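J.: Shown below is the structure under consideration.
The values are calculated or read from the model by the stated rules, or taken from the named source; none is laboratory data. Please read these numbers as outputs of a predicted model, since none were measured by experiment. Here the Cβ is made from the backbone with ideal geometry for all residues, glycine too, and neighbour counts use every protein chain on show. Accessible surface is based on the protein model in full, side chains and every heavy atom, while ligands, DNA and RNA are left aside. Shrake-Rupley method; radii C 1.70, N 1.55, O 1.52, S 1.80 Å.
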Amino acid sequence: MTKEKKSLFEGVDLQCETNNTAHRTHVIRVDQLIVRRGQPFTLTLNLTEGFNETTPLFINIATGGEFATQRQGTLCLLMVPDLVAQSPEAKAVWKVELDVKSSTQTGNLILTFTPPADAPIGLYKMVANYKDEKMLLAEPTVLFNPWCAEDWVFLDDEKKRQEYVMNEHGQIFIGSVDFIFPGDWDYGQFDESMVSICMKLLDLNHKHEKDPADDVSARCNPIYVSRVVSAMVNSNDDHGVVEGQWGAPYDGGKAPSHWTGSFPILNQWQKNEYHPVKYGQCWVYAGVMCSVMRLLGIPCRTVTNFSSAHDTDENLTIDRFHSEDGLDMEFAMDSIWNFHVWTEGWMRRPDLSEDSRYDGWQVLDPTPQETSDGIYCCGPAAKEAILKGDTDLKYDVPFVYAEVNADCVDWLVRADGSLEKIEADPKKVGQCISTKAVGSDEREDLTDEYKYKEGTKKERFVFMRACITHYNHLMKQNKVFEAHLLEETAAGNLTIIETESEPSSLNEASVELPNGTTEETDAETLPPPPKVTMRFEEVSKPENGQDVSLNLVLSSESTADRPLSISICVQAMKYNGKLGETIKTEKKKETLLPEKELSIPILVPFSVYREPMLDFDSMRVSAVVKDIENSDHPYLAEDDVVLLDPPITITISGDVRLNIPTEAEVLFRNPVNETLKDCSLTVSGSGLWRDEHEFKLGDMLPSTQFRVKLPFHPYKVGQKTAMVDFDSSVFRDIKASCTVTVKK
């Protein structure tokens, strides 16, 4: 009987806990090697005999399987000791060193590997070959490294790295300009299965299916990877994660307002064999993308743009139409959303300039609004390019520029179908651009990072520059119709006075306004407002379940009495500007007295708005006012009212220990005089519950309350957030959260 030959390889210690802790990936798991590029990690290889350095140990490191090549940076051939120079065509070359603490006599080899800072991210196979015998050494996952100065995602601020890479809890701001609400979001990027989910997300993208070798090689570049993630978070072109739905019914899935975090969505996508999860809207798309980006190691944050424009015809202008009764009319494809949420990713942009001027935050939007190069994705668009009006730069800068700075033109549609221009408002679009502040749940305003102060000549100069640059770019692309439309609309709002040479700064430029006056750019305001000014005032906070009470306040500088006709309309509205049922209309005739304010009360009872508002996000209150004695010029005022949800609380008392069962308590009182039917609670929170859990509560009588205890089994240490969602026949998806620290 032949004796079986003893293997030269005794085993390998991956030192996962030590390596992952050093690479800040231990928060994901410590039983799988997860490292960051540009940073060393150490393995211990034990041989069954001494190691003779004259017989080198060969190590093959590859990603992308059979498609791996040195030329594309997906294959690296190493030797211990390093006796042979790398091929001149080799890219993304790894390093390996034999630690001085190794014992070559006993075959105990301590090997320190360093993936280059430009290595493609993803799953690698490391195969050792010694004396013609092979062994799978390790299968590490390599991620981007914002702690490494050579990595394109390097972020030189530890507090920001903790916020934009390591923080699993976030705030996504929603509502409207006048009603901004923070919403808790559980990113859950460090759940144990997130690595496999995100690697699969990259492998399912259409570019990988078309050319897997090129796709895997391109994963060295965060610009490319972020664009792939933007496309893959929505399901419009591929096997993407989330299917969008912008109105009821939400059959076969959950309403977008149901979700409180990313991981339940991504986990469901994986469990359902990569069929899209139903349903999402912008904040869901943005939250999911932020989770994937942070897991991959790209600093990322969600950003909310209030009064966000959707410019479909590329003319940097939004046209809106109103009836004489104050009713909003959806004639055009353009729209203004109450808010729109996208993400920003931090990275260098050497593809745009050599002087690093466009490095830093890049806008990335996974919400499928318009195609980019034939695919529903958006960005990365350099925020500095948006600020400067550099609309000829990739990717999708004109679209994002319009979202934050398009001019808005309101038209009155008369009974005979004719149009009358009410006003052109350059200030309406792009307000209170918001993100979560570093280290707190406070709102940080980013508006000044996207555009110069509204009403200044500098902002108008940049707007015209953006129009001219975009016009030339459209002509180069042979988009003649779009270019001429731009020329007729946005570019007609004002003109730049020609100078003898290109101004070296915006302050040296002069701007000619539509009325023909010329002013220097240090002027702070545009022409005065109309003779009749209007504003809305809250009588009380608008709460769902209570009557909504507002005042329309009018004033004028006129020295004579002014008889007015006033048309008021209240409509249900989605956050993206899509209108629903008309809730209420009324017409009045009032007289505005000189040097006096005229206050018109507007009352919308709960009994009137309850049904129309059931699946809508806000009320659009519009008022069209005409001077009866001089009706040539109408005046328009609008207010988007977002209803506050009735209060619900979730609390966790006492010490919370790892793997020790405990309970959360939820308290809610029915605030209306009717029975809430089909009540349910959904609870989630990464590190506390491994998935969403739904509890059916039945019906809830008027003026009663429930107190529910929800068990959970903490499975990760650290600060965690418990999230609860309450749903019923009257109140949809009311949310609450609480933060708890899980101790060992």
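J.: Output the peptides 608-614, 191-197 sorted from most to least packed, where packing is the average of other Cβ atoms within 10 Å over each peptide's residues.
T.: 191-197, 608-614
J.: If you don't mind, there's one more thing I want to ask. If I take all pairs of Cα atoms in region 321-423, what percentage of them are more than 21 Å from each other?
T.: 47
J.: Is any residue of region 692-728 close enough, with backbone N under 13 Å, to a label point placed 7 angstrom from the Cα of Asp678 along the Cα-Cβ axis, and if so, which?
T.: It comes to 697-699, 727-728, nothing else.
J.: To continue, here is another question. Once fully extended, how much extra length lies between Thr739 and Asp211, figured as 0.36 nm per residue of separation less the alpha-carbon to alpha-carbon distance?
T.: 185.6 nm
J.: Compute the semi-axes of the equivalent ellipsoid of region 1-152, taking the square root of 5 times each eigenvalue of the Cα gyration tensor, and list them largest first in whole Å.
T.: The equivalent ellipsoid of region 1-152 has semi-axes of 26, 19, 15 Å.
J.: When the C-alpha atoms of the chain are aligned to their principal axes, what extent does each axis show, in angstrom, from largest down?
T.: Principal axes ranked by extent give 113, 76, 38 Å for the Cα atoms.
J.: Same structure again: Treating cross-link reach as a plain straight distance, find the lysines whose alpha-carbon is under 28 Å from the alpha-carbon of Lys95, omitting any fewer than eight places away in the same chain.
T.: Here the lysines satisfying the reach criterion relative to Lys95 are Lys125, Lys131, Lys134, Lys200.
J.: Rounded to the nearest 5, what % of DSSP beta bridges with both residues in the chain are antiparallel?
T.: 90
J.: Work out from phi, with θ = phi - 60° and the Karplus expression 6.51 cos²θ - 1.76 cosθ + 1.60, the ³J(HN,Hα) of each residue of region 144-150, listed in order in whole Hz, and give x for Gly and Pro.
T.: Coupling constants for region 144-150: 4, 10, x, 8, 9, 5, 7 Hz.
J.: Reported to two decimal places, what Rg/Rh ratio describes region 194-330 when computed on Cα atoms with Rh from the Kirkwood expression?
T.: In region 194-330, Rg relative to Rh is 1.05.
J.: May I ask you to rank Lys476, Lys626, Lys427 by accessible area, largest first, using a 1.4 Å probe over the protein chains only?
T.: Lys476, Lys427, Lys626
J.: Tell me the label-point distance for the pair Val608, Arg357, using the 7 Å Cα-to-Cβ offset, in nm and rounded to one decimal.
T.: It is 5.5 nm.
J.: Related question: Assuming 0.36 nm per residue, please report the length gained on full extension of the stretch Val84 to Glu53 beyond their Cα-Cα distance.
T.: Result: 9.8 nm gained on full extension.
J.: Sorted by packing (mean other beta-carbon atoms within 10 Å per residue), highest first, where do 21-29, 279-287 land?
T.: 279-287, 21-29
J.: How big is the accessible area of Ser235 in square angstrom, nearest 10, if you roll a 1.4 angstrom probe over the protein chains?
T.: Estimated to the nearest 10 Å², Ser235 gives 20 Å².
J.: At a Förster distance of 45 Å, what's the computed FRET efficiency of Lys596 paired with Glu444, Cβ-Cβ distance as r, to 0.05?
T.: So the FRET efficiency works out to roughly 0.65.
J.: For the pair Ser540 and Lys271, what calculated FRET efficiency results from E = 1/(1 + (r/R0)^6), where r is the Cβ-Cβ distance and R0 = 41 Å, to the nearest 0.05?
T.: Taking R0 as 41 Å, the efficiency between Lys271 and Ser540 is 0.35.
J.: Can you work out the FRET efficiency for the pair Lys125 and Leu644, with r the C-beta to C-beta distance and R0 = 56 Å, to the nearest 0.05?
T.: That gives a FRET efficiency of 0.55.
J.: Through the Karplus equation 6.51 cos²θ - 1.76 cosθ + 1.60, θ set to phi - 60°, convert the phi angles of region 547-557 into ³J(HN,Hα) values in whole Hz; use x for Gly and Pro.
T.: 5, 9, 10, 10, 10, 9, 10, 10, 8, 7, 8
J.: Label Ala22 and Lys696 with points 7 Å out from Cα along Cα→Cβ: what is the distance between them in nm?
T.: Between Ala22 and Lys696, the label points sit 5.4 nm apart.
J.: Could you pull out every whole DSSP H run in the chain that spans at least 30 Å of Cα extent along its own axis and averages 1.6 or higher on the Kyte-Doolittle scale?
T.: none
J.: Express the relative contact order of region 146-281 as a whole percentage, based on alpha carbon pairs under 8 Å and six or more residues apart in sequence.
T.: Relative contact order, region 146-281: 20 percent.
J.: Give me the Å³ per residue figure for the convex hull around the C-alpha atoms of region 548-678.
T.: 195
J.: Which lysines have a Cα less than 16 Å from the Cα of Lys436, not counting those fewer than 8 places away in the same chain?
T.: Excluding near neighbours in sequence, the set is Lys159, Lys160.
J.: With the contact rule set at Cα under 8 Å and sequence spacing of 6 or more, what percent relative contact order holds for the chain?
T.: RCO, the chain: 8 percent.
J.: How far apart, in nm, are two points set 7 Å out from the Cα along the Cα-to-Cβ line at Ser7 and at Leu204?
T.: The two pseudo-label positions are separated by 3.5 nm.
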